[in-house]
Each structure stands twice: as structure tokens, then as C-alpha cells.
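What follows is calculated from the coordinates using simple rules that are stated; it is not laboratory data. Here the structure is a predicted model, which is why all the values come from computation and not from measurement. Note that we place each Cβ from the backbone using ideal geometry, even for glycine, and neighbour counts take in every protein chain shown.
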Amino acid sequence: MADRPDDAQHGPTRSVPNPKSKQSLAELVSALPSLLTTLVKDEITLFKAELTAKLTKLGVGAGLIAAALFLLFFVFAVLVAAAVLGIATALPAWLAALIVAGALFVVAAILILVGVLSIKKGVPPVPEESITSIKKDINAVKGLGEKHE
């Protein structure tokens with residue numbers, strides 16, 4: 001750590017006087033708008049850079065997951081074929097295929113029913129808790145306190 005050249009400047013015992021500390025109050029107040037503008041611009045730039053980096057990682061991750069799901073589709077198809085072939089050792093092949101198709105149909109129907117029930121629980125998609133919280137915040141800012149509706 002001591003071999004880094006900037007350690008001497010950023011250490012805890014730094015006693016370099018700040019040249020702006022000798023400015024008058026009027027100078028500081030007049031510089032405030034430009035400092036705030038610069039701060040907001042820098043924060044926006046940092047936000048954009050951070051968001052771009054996160055979205056890039058998100059895109060790569062989503063692409064890899066999509067590729068894996070594509071391969072899993074074929075794995076599922078092979079397992080279905082294996083089930084048909086396995087049942088076909090005891091029954092005729094056409095009957096084995098019908099049994100596997102029927103089982104897949106039952107699983108699909110159950111998934112559809114569960115999905116429809118889940119969708120019905122989410123409708124209408126109104127964030128009621130957030131709306132209530134925002135109303136409380138607005139009332140607090142107005143000085144009205146909590147309003148029970």
C-alpha cells in the first residue's frame with residue numbers, strides 16, 4: 001500500500017488547507033447554483049454509466065438464459081421420446097405415444113388452470129399500497145397529517 005504514490009495525498013493525516021475556505025459568504029452563495037448544477041450533471045452522468053453497465057450485464061445474462069432454455073426444450077423432447085420408447089417395450093408404440101401425449105396434456109391443463117388463477121389474483125394491476133403511501137406523503141408535505149379514507 002505504501003508504494004502507491006497517491007497514498008500520501010489521501011491518507012487520514014492530510015492537512016492541506018482548502019483554498020475555498022477563505023472565500024466570503026457572498027462568494028460562496030453566488031457559487032452555489034453553479035456547484036449544484038455541476039453536482040446534478042455529475043450525478044446524472046454517473047447514473048447513466050451505472051445503468052448502462054447494469055443493463056449490459058442484464059442483457060448478457062438474459063441471452064445466456066434464453067440459450068439454456070432453447071437447449072432445455074430439446075432435452076424435454078428427448079425425454080418425451082424416451083418415455084414413449086420405454087412404454088413401447090410393454091405396449092404397442094402407438095399406444096405408448098398416446099399415453100405420453102395424454103399425460104403431457106393433463107400437466108399442461110393443470111399449468112393453464114394455475115396460471116389463470118394466478119392472473120385473476122393480479123387483476124387489476126393497480127399498485128394500491130404504493131398509491132396509499134404516495135397519498136400519505138402528499139398529505140405530510142401539505143401538513144395535513146394522515147388522512148384515513
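Taking the Cα centre as origin and putting +1 on Lys and Arg beta-carbons and -1 on Asp and Glu beta-carbons, what dipole magnitude results for the stretch 92-144, to the nearest 20 debye?
Dipole size: approximately 180 debye.
Could you give the length gained by full extension between residue 132 and residue 81, i.e. 0.36 nm per residue of separation minus their alpha carbon distance, to one decimal place? Let's see the in-between values first.
On the way: separation 51, 0.36 × 51 = 18.36 nm, distance 5.33 nm.
The residue 132-residue 81 span can extend by a further 13.0 nm.
In nm, give the distance between the simple-model label positions of residue 106 and residue 141, each being 7 Å from the Cα along the Cα-to-Cβ direction.
5.8 nm
Starting from 0.36 nm per residue, how many nanometres of slack lie between residue 119 and residue 95 once their C-alpha separation is accounted for?
5.1 nm
To the nearest Å, what is the center-to-center distance of the stretch 88-149 and the stretch 22-61, using C-alpha atoms only?
Computed from Cα coordinates, the inter-centre distance equals 40 Å.
Rg over Rh of the stretch 29-87, using C-alpha atoms and the Kirkwood radius, what does it come to?
On the way: Rg = 25.4 Å, Rh = 15.8 Å.
Expressed as Rg/Rh, it is 1.61.
What area, in nm² and to one decimal, does the C-alpha convex hull of the stretch 92-144 cast on average over all directions? Intermediate results must be reported in sequence, preceding the final value.
Numbers: hull surface 18.0 nm².
That works out to 4.5 nm², a quarter of the Cα hull's surface.
Computed FRET efficiency, Cβ-Cβ of residue 73 and residue 42, R0 41 Å: what is it to the nearest 0.05?
Step by step, r from the Cβ atoms, then E = 0.30.
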